[in-house]
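Written out below as structure tokens is the structure these notes cover.
Each reported figure results from applying straightforward, stated rules to the coordinates on display, with no laboratory input. Because the structure is a prediction, the values reported are computed rather than measured. Because the Cβ atoms are built from the backbone with ideal geometry, glycine has one as well, and the counts that use them run over all protein chains shown.
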Amino acid sequence: MGPKKIDFDLVREIALALPGVEESTTYGTPSLKVRGKLLTCRAIHRSAEPNTLAVKIEFDQRDELIAADPSVYYLTKHYVNYPVVLVRLSRINEDALRDLLNMGWRFVTSKKTSTGPKGPSRRRTTPR
């Protein structure tokens with residue numbers, strides 16, 4: 001028997017083992033949240049590749065992941081201003097996925113999730 005298939009069912013299984021994580025929906029797609037805050041969901045914006053997961057993490061961590069392994073982690077213009085990394089589920093292994101979801105959980109449960117990155121602002125500049 002080979003490694004487990006990495007899909008949203010496995011993402012759900014790993015994430016639900018973390019404290020306070022619950023199933024929800026975001027823009028009509030399955031997601032996982034902690035106390036109402038998004039942890040992860042399928043990336044549904046048309047700019048994302050099929051079978052992509054979006055995971056909330058710090059901007060600096062996102063940049064490090066993309067630099068270290070751009071075949072697994074990436075970003076599209078749509079997601080640049082959000083503290084999220086896109087993940088090709090077909091390319092990530094289970095241990096890396098587990099580490100990433102733990103990293104996301106720590107970010108979402110920390111007090112500083114509402115602040116942007118240090119240095120030049122990467123926040124949205126267009127009016128809402």
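Is it fair to say D95 is free of Cβ contacts under 8 Å to residues at least 40 places away in the same chain, assigned to a helix (DSSP H, G or I) and of a type in the set (D, E, K, R)? When the stated conditions are applied, D95 passes them. Entry remark, the range 27-62: residues being part of a helix (DSSP H, G or I) and exposed (fewer than 15 other Cβ atoms within 10 Å of the Cβ) number 1 in total. The set of residues in the range 6-26 being within 22 Å of I92 (Cα to Cα), in a loop (DSSP other than H, G, I, E, B) and touching a residue at least 60 places away in the same chain (Cβ under 8 Å) consists of I6, D7, L18.
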